[in-house]
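The values are calculated or read from the model by the stated rules, or taken from the named source; none is laboratory data. Since the model is a prediction, treat every value here as computed from it, not as a measurement. Here the Cβ positions follow ideal geometry from the backbone for every residue, glycine too, while neighbour counts run over all protein chains shown.
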Amino acid sequence: MSRNPLDLNEVARFIEDHIGPEFHDKKFAKFQALTLENILKRKNPYLFKAKRTQTANDFIKAILDATVSSGEETVFGNFLEMVAIHVCQQVFSGRKSGTRGIDLDFEDGSDKYLVSIKSGPNWGNANQIKAMVRNFHDAKKTLHTSGGGRNLNIKFIEGCCYGRDNACEKGTHQKLCGQRFWELISGGSATLYTDIIEPIGHTAKEKNEALEEIYTAKLNDFTAQFVARFCKNGLIDWVKLVEYNSGRQQ
């Protein structure tokens, strides 16, 4: 299968068109839906006691920031996966895979690539990596059964959108991070990984200003609720908080 030339202007337009609805708006919606109960039950109260968190405002701000950070990592990871698939679709007619554990598959000459897309190089523990490798082998069996892999050299790729891992050969597959990953799916562009940084910043200022406004409202609202429910004589009632977070449901 022949490859098409990479059109950087089209990639930039795609990113600018989708960064709002697929990242900022989804992050905003998730944040708006948060309740005090959500964030209190997700976070470890023992950790904050060990860090000597003393004021209600400091406690709520810390768990709110942690919740926002973990949520936006997931949403942005999904967005970057969408961009990577779009780039590969443009160059290699790549496609989002319907096979379990495989995010992208494409052909380049006699090579067929099965790609599991991750945000960064430190995405999983040993068991999660083993599960990914099992998914690679299951996908290969499925291809051979269906005839889809006939006469093709199947290559497994753990593709990380950012970061670095110079030990690319993992025995069972290749791990390509950052520049190496974007270079593979773009047909050899050594600069794509830096070319996409500018369009990713499209509308960032206005979108983050809107988020800052609702963040401030949530912080004040949750702090007031927390003081009413979990403070006694002006101090955090840690026993009551731990009972709420970790006690048996009645």
| request: State the number of residues belonging to region 138-185 that are loosely packed, with under 14 Cβ neighbours inside 10 Å and more than 19 Å from the chain's Cα centre (by Cα). | output: 14
| Pair list, Cβ < 9 Å and 6+ apart or interchain, from region 179-196 residues that are over 19 Å from Asp165 (Cβ atoms) to residues that are assigned to a loop (DSSP other than H, G, I, E, B) and basic (Lys, Arg) | Gly187/Arg3; Gly188/Arg3
| field | Members of region 90-132 found to be at positive phi and within 19 Å of the chain's Cα centre (by Cα), listed by number | value | Gly101
| remark: Pairs returned, first residue in region 156-172 that is within 11 Å of Trp123 (Cα to Cα), second residue that is surrounded by 15 or more Cβ atoms within 10 Å (Cβ to Cβ) and of a type in the set (D, E, K, R), beta-carbon separation under 6 angstrom, 6 or more apart or interchain, are Glu158/Lys175; Cys160/Lys118
| Within region 73-130, considering residues that are closer than 21 Å to Leu143 by Cβ and of a type in the set (Val, Ile, Thr), the one modelled with the lowest pLDDT | Thr99
| query | Here are Ala190, Ala228, Ala210: which of them is of a type in the set (A, V, I, L, M, F, W, C), assigned to a helix (DSSP H, G or I), surrounded by fewer than 15 Cβ atoms within 10 Å (Cβ to Cβ) and modelled with pLDDT of 95 or more? | reply | Ala228
| said: Let me spell it out: the conditions are (1) assigned to a helix (DSSP H, G or I); (2) in contact with a strand residue (DSSP E or B) (Cβ under 8 Å, 6 or more places away or on another chain), and Asp58 meets all of them except one. Which number is the exception? | reply: (2)
| Arg42 fails exactly one of the following numbered conditions: (1) over 15 Å from Val242 (Cα atoms); (2) surrounded by fewer than 18 Cβ atoms within 10 Å (Cβ to Cβ); (3) under 19 Å from the mean Cα position of the chain (by Cα). What is the number of that condition? | (1)
